[in-house]
């Protein structure tokens with residue numbers, strides 16, 4: 001949904017305009033009838049910090065020595 005709002009309306013009804021944007025509207029801001037800016041919602045984060053932390057706790061532990069050996073086995077360090 002794309003709507004237009006003048007600079008004056010944005011100044012006078014800023015809270016209402018942002019409520020519309022928060023609900024998913026994209027607003028084109030106009031000055032003297034000319035488009036000058038666009039307000040659009042910021043995409044929501046896919047995961048919360050708590051969800052990411054919870055997932056990280058389920059990952060297997062990795063031995064630093066084992067990891068180094070794995071890397072050394074695929075990287076040519078002779079140059």
Restricting to the chain, what percent of DSSP beta bridges are antiparallel, rounded to 5? 50
Determine, for 59, 10, the number of other Cβ atoms within 10 Å of each Cβ, and report the residues in order from fewest to most. 59, 10
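Can you give the FRET efficiency to the nearest 0.05 for residue 18 and residue 47, using r as the Cβ-Cβ distance and R₀ = 22 Å?
With R0 = 22 Å, the Cβ-Cβ based efficiency is 0.35.
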With each pseudo-label sitting 7 Å past Cα toward Cβ, what's the residue 65-residue 6 distance in nm, one decimal? 7.6
Based on other C-beta atoms within 10 Å, arrange 28, 48 from fewest to most. 48, 28
Could you check the simple spin-label distance between residue 58 and residue 77, using points 7 Å along Cα→Cβ, in nm with one decimal? 3.5
Which one, [x] 3, 17, 32, 28, 14, 5, 1, 0; [y] 3, 15, 27, 26, 15, 8, 4, 1, 0, 0; [z] 3, 12, 13, 11, 7, 6, 6, 7, 6, 6, 8, 8, 5, 1, gives P(r) over Cα pairs in 5 Å bins from 0, in percent as derived from the coordinates shown? [z]
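The numbers here are math on the coordinates, done by the rules we state, and not lab data. Given the structure is predicted, the values throughout are model-derived calculations rather than measurements. Glycine gets a Cβ as well: all are built from the backbone with ideal geometry, and neighbour counts include every protein chain shown.
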